[in-house]
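Asker: So that we are looking at the same thing, I have put the structure below in C-alpha cells.
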Amino acid sequence: MHKGLWITVLIAFALFFGLFILSQIPVAITQDEVSIAVSDAIAETNAQVDEIEIEQLVTQKAVGKLEARQKKRLKFLVSAYFIIWLIFSLYALHLAKMQNQLCKRLEQLHSDLQQKR
Amino acid sequence: MLLQASQITKRFGHRMVLNALDLSLQPGEVVTIFGPNGAGKTTLIQILSTLLKPTSGTLQIGGINALEEALRVRPSLGLIVHEPLAYLELSPYENLKLFGRLYGLNGLEQRIADLLDEVQLTPYAHEPVRIFSRGMIQRFMIAKALIHDPALLLFDEPFSGLDLAAKQLVLKRIDHERARGKGIILTTHNTELGYHVGSRFHFLLNGQIETVAEKEDIGLETLSREYEERLKG
Amino acid sequence: MEAFRQIGWLIHKDLALQFRTKDMLALIIVFSVLVVLIFCFAFGPIFPEQLEERGKLAASVLWGTFLFAGIIALNRSFDIERMNGALHGLRLTGVDASYLYLSKVVSIFLFLMLLEVVVTPITLQFLDVLTVLPVALQAQLPWLLLKLIGVIAIGTLGFCAVGVVVSGISTNTPGKESLLSVILLPLTFPVVMAGAKCTVSLLTTGGLGGNFWISVLVVYSLVFLASSYLLFEFVVEG
Amino acid sequence: MTRTQLIGLLSAILLFVAIYVVFSFAEIEMTMLEVQKIFYFHISSAFTLFLAFGVTFISSILYLIKRRDKHDTIALVSTEIGIVFGVVVFTTGPIWARYAWNTWWNWEPRLTSALILWLTYIGYLILRSALAEEKKRVYSAVLGIIGFLNVPIVYFSVELWQGGLHPDTSTKMNLPSTMQIAWLISWLALTLLYLFLLMFRYRTEQIKLELETIQHQQMN
C-alpha cells in the first residue's frame, strides 16, 4: 500500500509537469497583422523609414512582451497546481505512514498475546 | 419489584466499566454493594439514577422503563453522592425551595422547615451553603436528597469523610426509610458500616457483580474475610 | 402552564445566582468598559470626521465588546451548573431539558441586555458619535437609542440561542473559555455582521437601510433557537 | 484487491485524466488565459469541501438517532478530510484572486461561507480532542449539526454584502463544452479521491480502536 502510494504520488507529479510543459501554447502573432499595423503607422507619418526593419523590430518586441506576460501567468498556474499536489501527497503519505505504524503495533501485540499463551 | 436492572453494560470507548450486571431491589430492602476504588461503583450509581445511559441492558424502576422514560422515573429517586448536586452560592432554604418547586411538592414551606430542623441547619437556613463546614454541607446534602420523599434511595460511598453527627444521621435515616418501605442501594468499601445497615450484600469487582448473601446467612467476620480475599484476587 | 412556571423558577434561580455574586456583574461591566476604552485610546483622540466612518467604528467596538462579554457570561453561567453537580441535581427533578435550555437563554439574555444598556451609551459617548449626528437625528435621540437597543436585543438573542448549546458542551473541557470562543466566534459570524450593519445604518441615517440585515438577524435567531432547542437535550442527557 | 484499493486506483486514474484534460484538452479562456486553469481544481475542491462537511452533518444526525459508533467515525473522518480540501481551496483561491483581482483575498459569498464552515469544523476537531471519552461522540455530533446550519445564512448575508466577483452559477453552464468536460472530470476525480481518503481513513480509525481494545485487555 505504502509503496503504491509513493509511486502514485511521483507519477502524478511527473505527469502533471510533463503535460504542463506540453500544453504551453507558443505565443503567435501573424506576419500579416504586424505588416498592416506597421504600414498604417508609417502612412500616418512623413518620415522616411525602412518598412521591413521596423516590422521585424516590432514583432520581436511584441513577442517578447507577450512571452513575459505568459511567463507570469504560468508562474501562477504552476504554483497553484504544485500546492495542490503537495497538499494531497503530504496528507496521503501521512495517512499511509500512520496506518502502517498502527498495523505494525497491532501485529506485535497479537504475536505477544500468542506467546503468552 | 422496586428496581430491576438486567445485563447492564457500560463501555467508555474501549474500556469496559460494567459488564452484564444484574441487580434487583424490593421495597424495604437495603442492598449494600462492596467494591474497591475503580470497580465501577460510581458508574453503577449514575446508571441506576438514570443520569448516565448504559451501553446496553435494561432498567426498570417502579415498573417503568427507566431508560425510555427517565424523566418520569427521576422524581422517585433520591441520590446522595460526593457532590452536593445543588448550588453552593444559594442558601439551604433557597436550594430546597427551588428543588421542591421543580419536584412539584405541596406544603413546601412546612416540609423545608421540618427537614432543616432534622439536619440541624435551621439557624443557618439563609446563609449561603458555600460558607458551611464540611459536616454541615453533608447534612444539607441529605436534606436536599430527601426533600421529595423518594421511594428509592441511592447512596454512593455515604460514609466516606463524614463527621460523626452526619454519620449518625445517615444511619438513622437509612433505618427510618427502610422501616417506611423505601428501597435503598448503597455502595461502600467500609465492610463494618455496610454490614450494619444492609440486608443483602454484593461485591462489585472489575465491573462484574456477585451476590454474596442475605444478612441472616452471613456474619460480619465471614463477610470481611471473603471481601479481603476477593480484593487480593 | 406548569412548563412556564418551571421555566420561571429556573430563570429566577439563574438571575439570583448572577446577582448574588455582585462581583460578576461589576466585573463584566468593568471589563466591557475597558475594552471600549482601549479602542478609544487606539483610535482617538481624534476620531474619523465622516459620520459613516465614525458609525462603523462605533459598531465594531460595540459588537466586539458584546461578543467578548457574552463569552465570559456564558462560560460563567455554565461553570455554576457544572460545579458541585448542580446540573445533575436539576436533571434529577425530572425537569425537561428544553425548559433548562429556554431558561438559560432567557437568563443570559437578560443579563447581557442589562450590560448592553449600560455599555452602549458609554461607548457612543466615548467615541463622540452623538455630537456628529445630523440635527434631524439628534432631535429624536431617545427614539434612535431605543431602536439601537432593539437591534442589539435581537442579535443578543441569536448569540445566546447558539451560545447556550456550545457552552453547555465546552464547559466539560479543560480549556473552557478558549475553546468556547474558538467554536462560538465562527458560528456567530452572521450575528456580528448583520448587527454591525444595522448599527451603522441606524447611526448614520436613523433607519435600518432596508429590511435585509434585520431579517438576517431574525432568521438567524429563529433558526438557531429552534435547532438548539432540539439539540440541547443531547447536551444535557448525553 | 479490496474495495478501498479499487476506488483509490480509480481516483488516481481519473486524476491523471483530469490533469490531461485540463492542460491539453480544455481550450484557453480568453480573459484569464492560462491562469483560468486553476479554476478546475479550485472549484472542485470547494465542492468537495461542502460535500465532506455535508457528510459530517448527515452522519452526526444519524449518530444522534441511532447511536452507532460507525456514524460518529464517519463524521470525524469526513471532517478531517474536508479540512484538507479546505487547505487546497484557501491556498489556490488567493493565487487566483491575486491574478484576477490583484488582491489576495476577497469576501465572496461562497469563499466566505466555506471559510466560516472550515473554521467551525477546525473547532470541531479541537473540541473532540479536548473532550473526555464518554462525552465526545454526542457532543461533537451536536456541533457537527449546528456548524452546518450556519452555511445558508452566511451565504446569503455575504452575497448581499458583497455581490459576486466569482462567476456565478449560471455562467458555469455557458462554458465552452471542452471546459465543461474538464471541469466535470476534475470534479468527479476529486469526489472519488475524497471517497478513497474517507474509506482509507475510516480503516485507520478501526485499526486504532482494535489496538486500544487489545491494549486495554492486556492491562487487565
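Asker: Could you give the distance between the Cα centres of segment B:1-62 and segment C:192-212, to the whole Å?
Answerer: 57 Å
Asker: Follow-up. Over all residues in C:170-181, what is the mean tally of Cβ atoms on other chains that come within 10 Å of each residue's Cβ?
Answerer: Details: counts 6, 0, 8, 10, 3, 2, 1, 0, 2, 5, 2, 1.
Average neighbour count from other chains, rounded to a whole number: 3.
Asker: Name the chymotrypsin sites (Phe, Trp or Tyr not before Pro) in segment D:83-152 that are in a loop by DSSP and that have at most 14 other C-beta atoms within 10 Å, would you? Mind showing how you got there, number by number?
Answerer: Numbers: sites: D:PHE85, D:PHE90, D:TRP96, D:TYR99, D:TRP101, D:TRP104, D:TRP105, D:TRP107, D:TRP118, D:TYR121, D:TYR124, D:TYR139, D:PHE148; in loops: D:TRP104, D:TRP105, D:TRP107.
When the chymotrypsin sites (Phe, Trp or Tyr not before Pro) of segment D:83-152 are filtered for loop state and at most 14 Cβ neighbours within 10 Å, D:TRP104, D:TRP105, D:TRP107 remain.
Asker: State whether segment B:3-232 is rounded, prolate or oblate according to the following rule on the C-alpha gyration tensor (a ≥ b ≥ c being the square roots of its eigenvalues): a/c under 1.5 gives rounded; otherwise a/b larger than b/c gives prolate, and the remaining case gives oblate. Could the numbers behind the result be given before it?
Answerer: Values: a/c = 1.79, a/b = 1.42, b/c = 1.26.
Cα axes put segment B:3-232 in the prolate bin.
Asker: A further question follows. Can you tell me what the convex hull of the Cα atoms of segment D:68-165 projects to on average, as an area in nm²? Don't skip to the answer; put the middle values down first.
Answerer: On the way: hull surface 26.6 nm².
In nm², the orientation-averaged hull projection of segment D:68-165 is 6.6.
Asker: Then there is this: At 222 nm, what helix-only mean residue ellipticity would chain C give, in deg cm²/dmol to the nearest 500, using -39500 (n - 2.57) for each DSSP H run of four or more?
Answerer: Details: 11 runs with 204 residues, N = 238.
My calculation for chain C gives -29000 deg cm²/dmol from helical runs alone.
Asker: What number comes out for the charge environment of C:LEU202, summing +1 per Lys or Arg and -1 per Asp or Glu over other residues with Cβ under 14 Å away? Numbers along the way, then the final one.
Answerer: Values: positive: C:ARG54, C:LYS56, C:LYS147, C:LYS197; negative: C:GLU52.
Summing Lys/Arg as +1 and Asp/Glu as -1 gives +3.
Asker: Could you sort C:30-39, D:46-55 so that the peptide with the highest average Cβ count within 10 Å comes first and the rest follow in order? Before the final figure, lay out each step's value.
Answerer: On the way: C:30-39: 16.7, D:46-55: 22.0.
Ranked by mean Cβ neighbours within 10 Å, highest first: D:46-55, C:30-39.
Asker: Let me ask something else. Is the protein assembly as shown rounded, prolate or oblate when judged by the Cα gyration tensor, a ≥ b ≥ c being the square roots of its eigenvalues, rounded requiring a/c under 1.5 and prolate requiring a/b larger than b/c? Write down the numbers at each step before the final one.
Answerer: Numbers: a/c = 3.55, a/b = 1.63, b/c = 2.17.
Taking the square roots of the gyration eigenvalues as a ≥ b ≥ c, the protein assembly as shown is oblate.
Asker: Now, a different point. Would you work out the Kirkwood radius for segment C:123-238? I mean one over the mean of 1/r across all pairs of different Cα atoms, in Å. List each step's numbers first, then the result.
Answerer: Working: mean 1/r = 0.0634 Å⁻¹.
Answer for segment C:123-238: a Kirkwood hydrodynamic radius of 15.8 Å.
Asker: Further question on the same structure: Nearest 500 deg cm²/dmol is fine: what mean residue ellipticity at 222 nm does chain D get from its DSSP H runs of n ≥ 4 alone, each adding -39,500 (n - 2.57), divided by its residue count?
Answerer: Helix-only estimate at 222 nm: -29000 deg cm²/dmol.
Asker: While we're here: Other chains near B:44-53: what is the mean number of their Cβ atoms within 10 Å of each residue's Cβ? Before the final figure, lay out each step's value.
Answerer: Values: counts 0, 0, 1, 0, 0, 3, 4, 7, 4, 5.
What the average comes to for B:44-53 is 2.
Asker: Take the alpha carbon atoms of segment B:127-199, find their radius of gyration, then divide it by 2.2 N^0.38 Å using N residues; give the quotient. Let's see the in-between values first.
Answerer: Numbers: Rg = 12.5 Å, N = 73, 2.2 N^0.38 = 11.2 Å.
So segment B:127-199 has a normalised radius of gyration of 1.11.
Asker: Another question about this same structure. So, counting K/R as plus one and D/E as minus one, what does the shell of residues with Cβ under 15 Å around B:TYR87 add up to? Please report the intermediate quantities before stating the final value.
Answerer: Values: positive: B:LYS97, B:ARG101, B:ARG130, B:LYS144, C:LYS13, C:ARG20, C:ARG76, C:ARG82, C:ARG91, C:LYS104; negative: B:GLU83, B:GLU89, B:GLU94, B:GLU127, C:ASP14, C:ASP79, C:GLU81.
For residues surrounding B:TYR87, the net value is +3.
Asker: Would you rank C:CYS198, A:CYS103 by solvent-accessible area, highest first, keeping every protein chain in place and using a 1.4 Å probe?
Answerer: Accessible-area ranking of C:CYS198, A:CYS103, largest first: A:CYS103, C:CYS198.
Asker: Still on this structure, I have one more. D for segment C:1-47, whole µm²/s, Stokes-Einstein with Kirkwood Rh over alpha-carbon pairs at 37 °C and 0.692 mPa s: what number? Don't skip to the end; give the middle numbers.
Answerer: On the way: Rh = 13.3 Å.
For these conditions, the coefficient is 247 µm²/s.
Asker: Using a 10 angstrom cutoff on alpha carbons, build the Gaussian network for chain C and name the most mobile of C:PHE41, C:PHE78, C:PHE224.
Answerer: C:PHE41
Asker: Sort B:169-176, B:43-50 by the packing proxy (mean of other Cβ within 10 Å over each peptide's residues), most packed first. All intermediate terms of the calculation are to be shown ahead of the outcome.
Answerer: On the way: B:169-176: 16.6, B:43-50: 23.4.
So the order, starting with the most tightly packed, is B:43-50, B:169-176.
Asker: Rank these by accessible area, largest first, 1.4 Å probe: B:THR222, B:THR188. The partial results should precede the final answer.
Answerer: Details: B:THR222 55, B:THR188 0 Å².
The ranking, largest first, comes out as B:THR222, B:THR188.
Asker: Then there is this: From the Cα gyration tensor of chain D, with a ≥ b ≥ c the square roots of its eigenvalues, which class applies: rounded if a/c is under 1.5, or else prolate if a/b is larger than b/c, or else oblate?
Answerer: On the way: a/c = 2.67, a/b = 1.56, b/c = 1.71.
Oblate, because a/c is 1.5 or more while a/b does not exceed b/c.
Asker: Ordered by packing density, taken as the mean number of other Cβ atoms within 10 Å over each peptide's residues, highest first, how do C:146-153, B:159-166, C:199-206 rank? Provide the component values of the computation, followed by the final result.
Answerer: Numbers: C:146-153: 17.1, B:159-166: 14.8, C:199-206: 20.9.
Ranked by mean Cβ neighbours within 10 Å, highest first: C:199-206, C:146-153, B:159-166.
Asker: Kindly give the semi-axes, whole Å and largest first, of the ellipsoid equivalent to segment C:138-197, taking each as the square root of 5 times a Cα gyration tensor eigenvalue.
Answerer: Working: eigenvalues 190, 22, 15 Å².
Each semi-axis is √(5λ); the values are 31, 10, 9 Å.
Asker: Quick check: Cα centre of segment A:83-117 to Cα centre of segment C:103-176, how many Å?
Answerer: After rounding, the separation between the Cα centres reads 51 Å.
Asker: In peptide C:185-194, what is the residue-averaged number of other protein chain Cβ atoms found within 10 Å of each Cβ? Display every interim value, and only then the final one.
Answerer: Working: counts 4, 12, 10, 1, 11, 10, 2, 0, 6, 4.
What the average comes to for C:185-194 is 6.
Asker: Something else: Counting pairs on different chains as well as pairs 8 or more places apart, how many Lys pairs in segment B:3-232 have Cα atoms under 18 Å apart?
Answerer: 9
Asker: To continue, here is another question. Can you give me the solvent accessible area of B:ARG225 with a 1.4 Å probe, rounded to the nearest 10 Å²?
Answerer: Approximately 140 Å² for this residue.
Asker: Taking Cα centroids, how far is segment C:4-38 from segment B:136-153 in Å?
Answerer: With segment C:4-38 and segment B:136-153 each reduced to a Cα centre, they are spaced 29 Å.
Asker: In a Gaussian network model over chain B where Cα atoms closer than 10 Å are linked, find which of B:ILE131, B:ILE209, B:ILE64 has the largest mean-square fluctuation.
Answerer: Looking only at B:ILE131, B:ILE209, B:ILE64, the largest GNM fluctuation is found for B:ILE131.
Asker: Select from segment C:1-81 those GluC sites (Glu not before Pro) which occupy a DSSP coil region and have at most 10 other Cβ atoms within 10 Å, ordered by residue number. Each step should come with its number before you reach the end.
Answerer: Numbers: sites: C:GLU2, C:GLU49, C:GLU52, C:GLU53, C:GLU81; in loops: C:GLU49.
For GluC sites (Glu not before Pro) across segment C:1-81 that sit outside H, G, I, E and B with at most 10 neighbouring Cβ atoms in 10 Å, the list reads C:GLU49.
Asker: Still on this structure, please answer the following. Would you mind telling me which residue in B:GLN138, B:GLN26, B:GLN168 has the biggest mean-square fluctuation in a Gaussian network model of chain B, where springs connect alpha carbons within a distance under 10 angstrom?
Answerer: It is B:GLN168.
The values are calculated or read from the model by the stated rules, or taken from the named source; none is laboratory data. Quick caveat: nothing in here was measured; it's all calculated off a predicted structure. Reconstructed Cβ throughout: ideal geometry from the backbone, glycine too, with neighbour counts over all protein chains shown. What goes into the accessible areas is simple: the full protein's heavy atoms, side chains included, and nothing from ligands, DNA or RNA. Shrake-Rupley method; radii C 1.70, N 1.55, O 1.52, S 1.80 Å.
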